[in-house]
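All of the numbers you see were taken from the coordinates with simple rules; none came from a lab. The structure presented is a predicted model; accordingly, all values stated were derived computationally and were not measured. Cβ: placed from backbone, ideal geometry, glycine included. Neighbour counts: every protein chain shown.
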């Protein structure tokens, strides 16, 4: 699970980003001024830093140097929207430059692109007692390998990546099978049943009435 440092002096914005990225599966730490951000970078390992430019104590341009010293990719999040500022930020070494206000979905996509470029996108998905390796396509439960078919594996990956989210049957089917959903649910439903049995997840993979399925964490 990738760890992201968010350095943003507007706490409401920082906490909104943290909440969104946590739901996407990232571990997030917030710092509300440049000095706190520098302290975090010195003491902890991060996979990426989201960095405002106009910060108290130490500004974003100076803090960018800290990130590069520790070989951490940096994305600027800033209200400085001029072309000149963008060029300056990228020339100083930022890996991307996003102007406020921005869509959280766009932020997620930009983060994924930078992490892929640095080879830091995790290949292992974890949920409860299960680990899923997206490269070797091996699934283990409590350390023991579980034999899954190709579609069962892809379906499980989709559920884990969208944990606690109610997924519509048509979306799940089209994502996993790569073809239009024509209203026939037996194929999807039978794969869900086999996953529940193989993983012992009868209580985790919930049926959502008239919608589809949700992989649910214990509360």
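Rounded to the nearest 0.05, what FRET efficiency do residue 57 and residue 186 give with R0 = 45 Å and r taken as the Cβ-Cβ distance? Could you check?
On the way: r = 61 Å, r/R0 = 1.35.
Efficiency for this residue pair is about 0.15.
For the pair residue 102/residue 179, report the inter-label distance in nm, with labels modelled 7 Å from Cα in the Cβ direction.
The modelled label-to-label distance comes out at 3.9 nm.
Which translational diffusion coefficient, to the nearest whole µm²/s, is obtained for the range 3-117 from the Stokes-Einstein equation, given a Kirkwood hydrodynamic radius over C-alpha pairs, 20 °C and 1.002 mPa s?
Approximately 156 µm²/s, per Stokes-Einstein.
Suppose the chain between residue 170 and residue 27 were pulled fully straight at 0.36 nm per residue; how much longer would it get relative to their current alpha carbon spacing?
48.4 nm
Which residue fluctuates most in the GNM of the chain (Cα springs below 10 Å): 75, 192, 111?
For the chain, modelled as a Gaussian network with Cα springs under 10 Å, the answer is 192.
Beta carbons within 10 angstrom, averaged per residue: use that to sort the peptides 149-155, 99-105, highest first.
149-155, 99-105
Considering the Cα trace of the range 124-215, what is its radius of gyration and what is Dmax, both in angstroms?
12.5, 38
Label residue 88 and residue 163 with points 7 Å out from Cα along Cα→Cβ: what is the distance between them in nm?
Those two pseudo-labels are separated by 4.2 nm.
Whole Å is fine, so just give me how far the alpha carbon centre of the range 87-109 lies from that of the range 166-213.
The range 87-109 and the range 166-213 have Cα centres spaced 36 Å from each other.
R0 = 30 Å: FRET efficiency of residue 3 with residue 218, Cβ-based, nearest 0.05? Could you put the intermediate results ahead of the total?
Values: r = 24 Å, r/R0 = 0.78.
Once rounded, the FRET efficiency stands at 0.80.
Note the direction-averaged projected area, equal to a quarter of the hull surface, for the Cα convex hull of the range 166-219, in nm².
3.9
Please report, to two decimal places, log10 I(q)/I(0) for the range 48-90 at q = 0.17, 0.18, 0.20, 0.24 Å⁻¹ as given by the Debye formula with identical point scatterers on the Cα atoms and no solvent.
Results for the range 48-90 at q = 0.17, 0.18, 0.20, 0.24 Å⁻¹ read -0.43, -0.48, -0.59, -0.83.
Please report, in Å, the Rg and the Dmax of the chain, where both are computed over Cα atoms only.
20.3, 60
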